[in-house]
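What follows is one structure encoded as structure tokens, with my remarks underneath.
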Amino acid sequence: MRSNIILSVLFCVLIAFSTVSFAQEGSVPGLQVRNLLVTEIEEGSAVEQAASEVSQTVLDEGMFFNAAGLSYLSENQAAYQSMVSLLNDNATGFEIAIAGFGELPEQPEQVVTIAILMFPEDANEIYNIALQMQVISEEDALLAVINAGVDPSTLTATAAGAAGNTFSPLGVGTGAAGAGGGDTTISAN
């Protein structure tokens, strides 16, 4: 009897955790938009047509995004629709950003902002991949992050992603024959 109660409690806890996990996943705007897109495609629409219909429906009905996000998406509707079409093959912020930079190479600011609006939990990763791919300056990337409503003080640039980082070429400091320790001559001793 006691083991049945313990088993029942354990089962209830597992259900509660799975519900919380599902609710968190379901609240990501990019995944919600992707679900609509996939449904349209499964019903027979071509990707571009489905992306057009889904992006317009989201804007018309004010779905998934806050007011500021919807305003930005409306102002950049062509880029937004292109990013929605990329959701068919890309289900994370990282993936959508990389695909977006390839699809919209002339609009990296919009790609960063829209990717973060779709996947706000991936803001730091999106910011860093933009810097690492060198498709946008650090200043423009920060402005794109701010446009998405993210506090830039919450971002941490990776060493490879930080713009303007300098590095020393291999061999600097070897030997002591130069005036600053930069001689690369190896000692014969």
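A short reminder: the numbers here are calculations on the coordinates, not readings from a lab. The structure presented is a predicted model; accordingly, all values stated were derived computationally and were not measured. Using ideal geometry, Cβ is built from the backbone for each residue, glycine included, and neighbour counts are taken over all protein chains shown.
What does the charge add up to near S82, with Lys and Arg as +1, Asp and Glu as -1, over the other residues with Cβ less than 10 Å from its Cβ? Summing Lys/Arg as +1 and Asp/Glu as -1 gives -2. At full extension, T154 and A67 could sit 29.1 nm farther apart than now, given 0.36 nm per residue minus the alpha carbon distance.
How would the range 42-166 be classified by its alpha-carbon gyration tensor: rounded, prolate or oblate, with rounded meaning a/c under 1.5 and the a/b versus b/c comparison settling the rest?
In terms of gyration-tensor shape, prolate.
The label point for A78 and the one for S27, both projected 7 Å from the Cα toward the Cβ, are 3.6 nm apart. Backbone phi angles across the range 113-122, fed through the Karplus curve with coefficients 6.51, -1.76 and 1.60 (θ = phi - 60°), yield HN-Hα couplings of 5, 5, 4, 6, 4, 6, 10, x, 6, 9 Hz in residue order; Gly and Pro are listed as x. Using the Cβ-Cβ distance between F94 and D60 with R0 set to 41 Å, the FRET efficiency works out to roughly 0.90.
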